[in-house]
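Values in this text are rule-based calculations from the coordinates and carry no lab data. Computed from a prediction, not measured in an experiment: that's the story for all the values here. Cβ placement follows ideal geometry from the backbone for every residue including glycine, while neighbour counts extend to all protein chains displayed.
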Amino acid sequence: MKRSKTAVLAVIMGIVMMMLAGCGGAGGKDDNKLIIGIDDKFAPMGFRDDNNNIVGFDIDYAKAAAKEMGKQVEFQPIDWSTKESELNSGRIDLIWNGYTITDERKQKVLFTKPYLANSQVVMVTADSKIAKFDDLAGKEVGLQSLSSAADALGASSVKSKIKKVTEFPDNVLALTDLKNGRLDAVVIDEVVAKYYMSKEPGTFKLMDESLAPEEYGVGVKKGNEELLNSLQKALDELNASGQAAEISKKWFGEDKVLK
């Protein structure tokens, strides 16, 4: 028996609606959830603890902001070299893990106001004779690929003197090679460097000279000013209430959040 076109259409529409309901709406996205892209090896901003839980300053900060916004939050580890592509494709809603604000990145994403100051520094082993930029001549240096460390080194005059620059997927691998003598130095975020120095006393030290001051912000997809404004309002509330300061003291021992 043939069904009428109307009946067939009704069946099809019913199936489509059930599929959408089952995956949280069109595109599978839950409007009540923020998916945040992170590098889960970027201590102390976002990393895995001994129990494999994702923890860190940015993790606590993001959770507090999401609560202020009335949203749930999900942290999605990503390849940091593809972070802007992940954001623009819609697979994540925010880039939030020690994400340095640069003019180049401003062309790709929207940024919140800066929330933390940082700088790019040069880390060497504690027994290294390297003390200043000139000492890097003829040496092998490591850094995280497509990071602000790469940008800072590339913009400096010292890069032309370096024998070889090796890029790594994350800072952990770079520091491992440094400890094992396969590198002479690593260019790295100061907040990250100081964290590892506190965890492994007597293993590393920093050169007195730094490459570039910078500031961290949260990246939002271009065109999504509504989310940007909502997030910024939540961050401002965390500053005003003192919650941001408390999170900072937990991870850094002091209030480092920019007001």
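Kindly indicate whether residue 160 is closer than 21 Å to residue 57 by Cβ, free of Cβ contacts under 8 Å to residues at least 24 places away in the same chain and polar (S, T, N, Q). No. Of the residues 217, 202, the single one that is buried (at least 16 other Cβ atoms within 10 Å of the Cβ) and in contact (Cβ under 8 Å) with a residue 24 or more places away in the chain is 217. Considering only region 130-138, I want to know if a residue exists there that is among the β-branched types (Val, Ile, Thr), closer than 21 Å to residue 57 by Cβ and touching a residue at least 60 places away in the same chain (Cβ under 8 Å). So far as region 130-138 goes, no, none of its residues is among the β-branched types (Val, Ile, Thr), closer than 21 Å to residue 57 by Cβ and touching a residue at least 60 places away in the same chain (Cβ under 8 Å). Of the candidates 184, 189, the single residue that is surrounded by 21 or more Cβ atoms within 10 Å (Cβ to Cβ), over 22 Å from the mean Cα position of the chain (by Cα) and not small (Gly, Ala, Ser) is 184. With respect to the conditions (1) surrounded by fewer than 20 Cβ atoms within 10 Å (Cβ to Cβ); (2) in contact with a Leu (Cβ under 9 Å, 6 or more places away or on another chain), residue 85 lacks only one, and its number is (2).
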